[in-house]
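Novice: I'd like to ask you about the structure that follows.
The values are calculated or read from the model by the stated rules, or taken from the named source; none is laboratory data. The model shown is predicted, which means the values in this text are computed figures rather than measured ones. Neighbour counts are summed over all protein chains in view; Cβ atoms, including those assigned to glycine, are modelled from backbone coordinates with ideal geometry. SASA here: full protein model, heavy atoms, side chains in, ligands and nucleic acids out. Shrake-Rupley method; radii C 1.70, N 1.55, O 1.52, S 1.80 Å.
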Amino acid sequence: MQYGLLATWLALYLLLLYAGGTVAGLLFPRFADRGVAFGVPVAVSILWVITYFVGRFSLAVGVWLGVIVLATSVVAVWRLDGGPTARAYAETAGVFSVAFLFLVGVRALDPAIIPIGGEKFLDFGLLQSLVRADSLPLEDMWFAGEPVAYYYGGHLIAAILTRITGTAGQFAYNLALAGFYATLVTAAYGLAGAVADERGLPQRLAGGLTVFCIGFASNLSTPAKFILWLLPDGLGQTVVERAGYELDGLAAGPDSFSYWDASRVIEDSAADFGTYEPGAALVIDEFPLFAWLNGDMHAHMMSTGFLLLAAALCFSYYQTPAAERRRRLALLFGALPAVAGIVAVTNTWSFPSMGGLALLTVTVAPADPTTLLPKHVGQRLRLNGPSQEGVRIGMGLAVAAVVLVLGLLWSLPFWLGPASGREIAVLPDRTSLLELLAVHGLFVGPFWLYLYAQTGHAVGQSTARIVGLVAVGTAALAATLDIAAVGLLAPLLIGAWLFARSPTLARTVDAVPALADGGDRPVGFEAVLILAGAGLVLLVEFVFVRENIGRMNTVFKTYMQVWVFWGVAAGPVLAWLLTRWRPVDDRSRAWTSIGVRAFVALLVCSASLYGVFALSNHVETAGDPTLDGLAYLNDDHPEEAEAIRWLDETATGRPTIVTAAPASYEWDAGDGEGASAPSSLTGLPTVAGWTHEAQYRNDTVYDRRVDDVETIYTGDATEQRRLLKAYDVRYVYVGPAERARYDEVTVDQLQGVTVAKEAGGVTIYRVHSEYI
């Protein structure tokens with residue numbers, strides 16, 4: 001175990017936490033901790049922006065100039081406003097350290113960067129490419145000579161930290177992965193605590209519950225299967241069959257548990273798509289613990305800390321009185337678009353959510369949004385009656401549009417590159433009520449109960465019961481009409497909106513919609529997060545990005561955002577239910593208190609089962625702990641390990657290599673499947689890599705390169721020389737996969753192609769361009 005590297009990276013993160021926490025005090029002055037929980041994403045944002053733009057000329061200069069700008073900013077702010085208090089920093093640093101060390105422990109038991117079961121080769125290859133590269137835009141490791149057609153902002157963050165610490169990539173991968181996890185958990189803790197503190201709720205209770213929901217909890221499919229396993233013989237089988245499922249996984253017994261199952265709950269049917277029939281209808285419904293346990297360093301994971309930074313900026317706006325117009329404008333049109341730009345390059349799927357957050361925040365915040373406008377213009381838009389609600393929504397839409405446009409400008413080099421375009425489709429197969437409850441029940445249950453309790457406070461328990469029955473009936477009816485999401489989420493959308501917009505629901509009932517600015521609300525910013533998550537879940541039931549695999553990526557990338565938004569909202573909601581829900585009469589108050597505590601305990605225990613089983617299996621199958629993601633090469637691919645390491649250590653810069661193509665998730669050299677390992681594990685660009693490139697660009701250009709690779713290995717000498725020159729090839733890799741795929745390799749017979757390295761079952765040829 002590499003304890004020195006572990007200590008170095010943790011020290012760097014804690015330094016960034018303090019530095020960024022100092023700057024964050026200007027952004028979040030009304031937060032209880034003055035925003036120190038967002039220290040890492042704030043500090044990294046400064047490093048990223050400088051590196052991303054200066055990196056067009058030199059990445060090395062960009063990284064160290066970013067360090068200088070960050071240090072200068074910290075000194076300037078510290079002199080002006082001071083830094084985080086010792087208590088706030090110590091508490092936050094403790095949360096970060098525990099989360100970081102937890103994930104390091106998980107990864108040390110299974111650190112391998114392998115091609116199967118995820119996108120580790122893509123993620124590691126991008127990291128290695130950025131560590132090797134001299135400047136941006138980044139050359140594609142799987143499509144030599146062309147810029148990357150993928151969002152790599154998160155990998156750039158990992159590369160910045162790797163360069164600062166001087167860490168080898170195979171160690172940096174797992175340490176950066178732990179850092180992204182700890183950043184998410186810490187930011188969630190801070191935002192949930194700030195939302196709770198504003199409402200007078202126990203800050204640490206809310207933060208702790210949110211940390212559980214974000215960092216350890218699973219969806220409810222695992223406890224549901226556990227209950228089926230506990231049922232008497234035959235009964236579980238009957239229940240499963242009547243629900244239309246099979247008795248598998250944990251439902252068949254603990255020995256059949258797979259950590260993978262909980263991420264594949266929703267099942268779509270290709271025949272039920274309304275506008276076209278995809279070749280396959282796959283769905284991935286991940287949650288954070290699964291994602292980090294699986295070990296990809298993927299975009300939807302790395303962007304989560306910045307997603308919460310954007311939410312925190314919106315909450316800071318939400319807290320700011322109307323009289324502080326300049327601060328509100330600076331938050332909306334200064335800080336938020338910059339974060340949106342980072343999100344666009346880190347995980348483009350989350351970029352629209354920047355506009356959605358701005359829309360919801362501006363629309364429901366206590367301050368009248370017309371006060372953002374010049375005084376004479378704003379006064380003309382202050383109307384009475386329902387028209388005022390329309391003005392609010394209109395202002396929210398306008399602000400959202402401006403935020404997205406400015407975010408596009410902050411990330412303009414990315415959009416000017418070869419980013420792949422996608423077509424929008426509608427009417428996919430919709431999710432059943434059981435599937436929705438299994439995936440989202442951890443949050444939907446408490447949110448329904450929360451709004452029911454708030455309704456009881458506002459209009460009395462009798463009326464609240466009627467409203468609750470109507471809501472349940474509506475959900476049941478919607479499920480029979482194949483629009484289960486509408487029935488399940490409409491009560492959340494309507495209830496959260498009305499409570500967020502009205503200090504007193506009685507006024508709202510008399511004159512819908514609510515028309516109240518300023519004043520205390522029965523709910524706080526958690527309502528914005530509930531609305532954001534519900535809107536996203538509802539959206540992907542009807543609109544998705546068209547692919548031949550159905551709506552897999554749409555749900556996959558969207559549901560992680562939902563989990564993050566709802567996970568933060570759940571902390572204050574559960575804290576309110578535990579400490580504030582007190583019906584009027586004594587008997588009801590006593591039973592409610594007991595019932596809520598039992599409900600929360602049951603929820604925590606149920607959502608913990610997955611972690612208990614998954615981590616137990618993880619420990620049982622682990623070897624000696626290490627952070628070396630490539631240590632497995634000696635045992636699993638001994639014939640190629642030395643050659644790949646030689647390439648990584650010997651090649652300077654990013655010379656082009658040639659490897660067997662096409663390639664994908666399988667690394668089975670005997671069948672001619674090499675997974676582009678010499679490229680993916682070194683960051684050296686190969687002429688044609690994974691089949692992902694056909695999706696990023698198109699089938700025609702990818703297939704042409706695959707044919708060119710075959711010609712380089714086996715073709716006519718004249719064509720071989722032409723292609724080696726055209727692609728500026730420096731090394732030709734001939735390993736077991738290449739020999740298995742190509743009948744007779746002849747490239748070694750060319751003049752100017754000499755043996756550079758022989759190791760195990762691999763020969764690497766050096767191409768001397770002056771002789772080609």
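Novice: So which residues in region 721-745 are over 38 Å from the mean Cα position of the chain (by Cα) and surrounded by fewer than 16 Cβ atoms within 10 Å (Cβ to Cβ), if there are any at all?
Specialist: Passing the criteria: K725, A726, D743, E744.
Novice: Right, here's the next one. Tell me which residues, restricted to region 1-21, are in a helix (DSSP H, G or I) and either more than 24 Å from S303 (Cβ to Cβ) or not assigned by the TED database to the domain that holds A158 (or both).
Specialist: Y3, G4, L5, L6, A7, T8, A11
Novice: Let me ask something else about it. Determine which single condition S45 fails, assuming it passes every other condition in (1) over 26 Å from T167 (Cα atoms); (2) of a type in the set (S, T, Y); (3) open to solvent by less than 20 Å² (accessible area, probe 1.4 Å).
Specialist: Among (1) over 26 Å from T167 (Cα atoms); (2) of a type in the set (S, T, Y); (3) open to solvent by less than 20 Å² (accessible area, probe 1.4 Å), S45 violates only (1).
Novice: Can you find a residue that is over 25 Å from R132 (Cβ atoms) and either free of Cβ contacts under 8 Å to residues at least 40 places away in the same chain or not assigned by the TED database to the domain that holds L331 (or both) anywhere in region 39-46?
Specialist: Scanning region 39-46, I find no residue that is over 25 Å from R132 (Cβ atoms) and either free of Cβ contacts under 8 Å to residues at least 40 places away in the same chain or not assigned by the TED database to the domain that holds L331 (or both), so the answer is no.
Novice: Further, regarding this structure: Could you name every one of the helices (runs of 4 or more DSSP H) located completely within region 335-409 that has at least 3 residues being open to solvent by less than 30 Å² (accessible area, probe 1.4 Å)?
Specialist: Of the helices (runs of 4 or more DSSP H) lying wholly inside region 335-409, those with at least 3 residues that are open to solvent by less than 30 Å² (accessible area, probe 1.4 Å) span 336-346, 351-364.
Novice: Please find, among D272, D296, D261, D268, the residue that is acidic (D, E), in contact with a Gly (Cβ under 6 Å, 6 or more places away or on another chain), in contact (Cβ under 8 Å) with a residue 40 or more places away in the chain and open to solvent by 30 Å² or more (accessible area, probe 1.4 Å).
Specialist: Residue meeting the stated conditions: D261.
Novice: OK, next. Looking only at residues that are touching a helix residue (DSSP H, G or I) at 6+ places or on another chain (Cβ under 6 Å) and not in a helix (DSSP H, G or I) in region 196-236, which one is surrounded by the fewest Cβ atoms within 10 Å (Cβ to Cβ)?
Specialist: P202
Conditions tested, residue by residue: (1) in contact with a helix residue (DSSP H, G or I) (Cβ under 6 Å, 6 or more places away or on another chain); (2) part of a helix (DSSP H, G or I).
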site: D134; (1), (2): no, no
site: M141; (1), (2): yes, no
site: A144; (1), (2): no, no
site: Y151; (1), (2): yes, no
site: A158; (1), (2): yes, yes
site: T183; (1), (2): yes, yes
site: A188; (1), (2): yes, yes
site: A194; (1), (2): no, yes
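Novice: Please count how many residues of region 616-637 are in contact with a helix residue (DSSP H, G or I) (Cβ under 6 Å, 6 or more places away or on another chain) and loosely packed, with under 12 Cβ neighbours inside 10 Å.
Specialist: Adding up the residues that qualify gives 1.
Novice: Sticking with this structure for a sec: Out of all the residues in region 759-772, which are closer than 24 Å to A677 by Cβ and either open to solvent by less than 30 Å² (accessible area, probe 1.4 Å) or in contact with a helix residue (DSSP H, G or I) (Cβ under 8 Å, 6 or more places away or on another chain) (or both)?
Specialist: Across region 759-772, the qualifying residues are A759, G760, G761, V762, T763, I764, Y765, V767.
Novice: Next question, about the same structure. Here is a list: T592, T682. Which entry is over 21 Å from N174 (Cα atoms), open to solvent by less than 60 Å² (accessible area, probe 1.4 Å) and among the hydroxyl-bearing types (S, T, Y)?
Specialist: Going through T592, T682 in turn, the sole match is T592.
Novice: Under the condition of being of a type in the set (S, T, N, Q) and assigned to a loop (DSSP other than H, G, I, E, B), which residue from region 666-693 is farthest from P655 (Cα to Cα)?
Specialist: So the residue we want is T691.
Novice: In addition: Of all residues in region 555-578, count the ones that are in contact with a helix residue (DSSP H, G or I) (Cβ under 8 Å, 6 or more places away or on another chain) and either farther than 20 Å from L191 by Cα or not in a helix (DSSP H, G or I) (or both).
Specialist: Total meeting the criteria: 3.
Novice: May I pose another question? Going by the conditions given, is T718 in a helix (DSSP H, G or I), surrounded by fewer than 21 Cβ atoms within 10 Å (Cβ to Cβ) and of a type in the set (V, I, T)?
Specialist: yes
Novice: All but one of (1) surrounded by fewer than 20 Cβ atoms within 10 Å (Cβ to Cβ); (2) under 25 Å from the mean Cα position of the chain (by Cα); (3) among the charged types (D, E, K, R) hold for R465; state the number of the condition that does not hold.
Specialist: With (1) surrounded by fewer than 20 Cβ atoms within 10 Å (Cβ to Cβ); (2) under 25 Å from the mean Cα position of the chain (by Cα); (3) among the charged types (D, E, K, R) applied to R465, the lone miss is (2).
Novice: Name the residues in region 661-675 that are in contact with a Ser or Thr (Cβ under 8 Å, 6 or more places away or on another chain), open to solvent by less than 10 Å² (accessible area, probe 1.4 Å) and more than 12 Å from E640 (Cβ to Cβ), would you?
Specialist: Within region 661-675, A661, A663 qualify.
Novice: Within region 276-284, identify whether any single residue is without any contact (Cβ under 8 Å) to a residue 40 or more places away in the chain and open to solvent by 10 Å² or more (accessible area, probe 1.4 Å), and answer yes or no.
Specialist: Yes, the conditions are met somewhere in region 276-284.
Novice: What's the total number of residues in region 265-288 that are closer than 28 Å to M301 by Cα and touching a helix residue (DSSP H, G or I) at 6+ places or on another chain (Cβ under 9 Å)?
Specialist: The number of residues fulfilling the criteria is 15.
Novice: Let me ask another. Of everything in region 617-665, what is more than 30 Å from the chain's Cα centre (by Cα) and part of a loop (DSSP other than H, G, I, E, B)? Give them in sequence order.
Specialist: Of everything in region 617-665, those that are more than 30 Å from the chain's Cα centre (by Cα) and part of a loop (DSSP other than H, G, I, E, B) turn out to be H637, A651, T652, G653, P655, T659, A660, A661.
Novice: So for region 695-717 (the condition being closer than 20 Å to Q128 by Cβ, not assigned by the TED database to the domain that holds F171 and not acidic (D, E)), does at least one residue qualify?
Specialist: yes
Novice: Could you tell me which residue of region 595-612 is surrounded by the fewest Cβ atoms within 10 Å (Cβ to Cβ), considering only residues that are closer than 30 Å to A108 by Cα and touching a helix residue (DSSP H, G or I) at 6+ places or on another chain (Cβ under 7 Å)?
Specialist: My answer is V604.
Novice: All but one of (1) touching a strand residue (DSSP E or B) at 6+ places or on another chain (Cβ under 6 Å); (2) more than 30 Å from Y151 (Cα to Cα); (3) crowded, with 21+ Cβ neighbours inside 10 Å hold for Y713; which doesn't?
Specialist: (1)
Novice: Kindly indicate the residue of region 70-102 that is open to solvent by 20 Å² or more (accessible area, probe 1.4 Å) and among the hydroxyl-bearing types (S, T, Y) and also nearest to I46 (Cα to Cα) among those meeting that condition.
Specialist: The residue in question is S73.
Novice: Same structure again: Being farther than 27 Å from F351 by Cα, modelled with pLDDT of 90 or more and in contact with a helix residue (DSSP H, G or I) (Cβ under 7 Å, 6 or more places away or on another chain) narrows it down to one of A485, A471, so name that one.
Specialist: A471
Novice: Take S316 and decide whether it is hydroxyl-bearing (S, T, Y), more than 15 Å from V564 (Cα to Cα), over 20 Å from the mean Cα position of the chain (by Cα) and modelled with pLDDT of 95 or more.
Specialist: Against the criterion (hydroxyl-bearing (S, T, Y), more than 15 Å from V564 (Cα to Cα), over 20 Å from the mean Cα position of the chain (by Cα) and modelled with pLDDT of 95 or more), S316 qualifies.
Novice: For a quick check of your reading of the model, give me the residue pairs whose first member lies in region 323-345 and is without any contact (Cβ under 8 Å) to a residue 60 or more places away in the chain, whose second is open to solvent by 20 Å² or more (accessible area, probe 1.4 Å) and not charged (D, E, K, R), with beta-carbon atoms closer than 7 Å and at least 6 apart or on different chains.
Specialist: As it stands, the answer is R325/T371, since those pairs meet every condition given.
Novice: Anything in region 246-258 that is open to solvent by less than 50 Å² (accessible area, probe 1.4 Å) and small (G, A, S)? List them, or say none.
Specialist: Result: G249, A251, G253, S258.
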